[in-house]
Amino acid sequence: MAWLTHLYSKPYLTHHHEDLYPQPKQFKPERFLDRQYTPYEFFPFGGGSRRCLGEALALLEMKLVLATILSHYQLSLVEYQSVKPQRRGVNITPSGGVKMVLEK
């Protein structure tokens, strides 16, 4: 007789794992700039057949909020300097980020 094993992932436990997220209880959004997490390490909307139905709406709202902010403010560089490109997944981003100022 074959044994059936069920495997479950727990987003809360994964997102609070010290090896993946140092100081997991602290709000540190910059941690996502340093590393590209796999879908098995970061899944804010769950996964599989029980994936959050509101994922598309949440992502749309984030884009709308960002577009609204950018349409009401002018972005300018803090200082002009050359930046070194860095590969992040399939994207190329500036290494170390780019410091900007929001002006009305």
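At-a-glance table
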quantity	calculated
Boolean, Ala67 is assigned to a helix (DSSP H, G or I) and surrounded by 11 or more Cβ atoms within 10 Å (Cβ to Cβ)	no
Top-ranked residue in the range 74-101 [being among the basic types (Lys, Arg) and under 19 Å from the mean Cα position of the chain (by Cα); ranked as nearest to Tyr37 (Cα to Cα)]	Arg88
Subset of the range 22-36 (residues that are closer than 14 Å to Gly96 by Cβ and either part of a loop (DSSP other than H, G, I, E, B) or touching a Phe, Trp or Tyr at 6+ places or on another chain (Cβ under 7 Å) (or both))	Glu30
Which numbered condition Met62 fails, given (1) surrounded by fewer than 10 Cβ atoms within 10 Å (Cβ to Cβ); (2) under 23 Å from Leu102 (Cβ atoms)	(1)
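Quick note: the coordinates plus some simple rules give every number you see, no bench work behind them. This is a predicted model, so every value here is computed, not measured. Because the Cβ atoms are built from the backbone with ideal geometry, glycine has one as well, and the counts that use them run over all protein chains shown.
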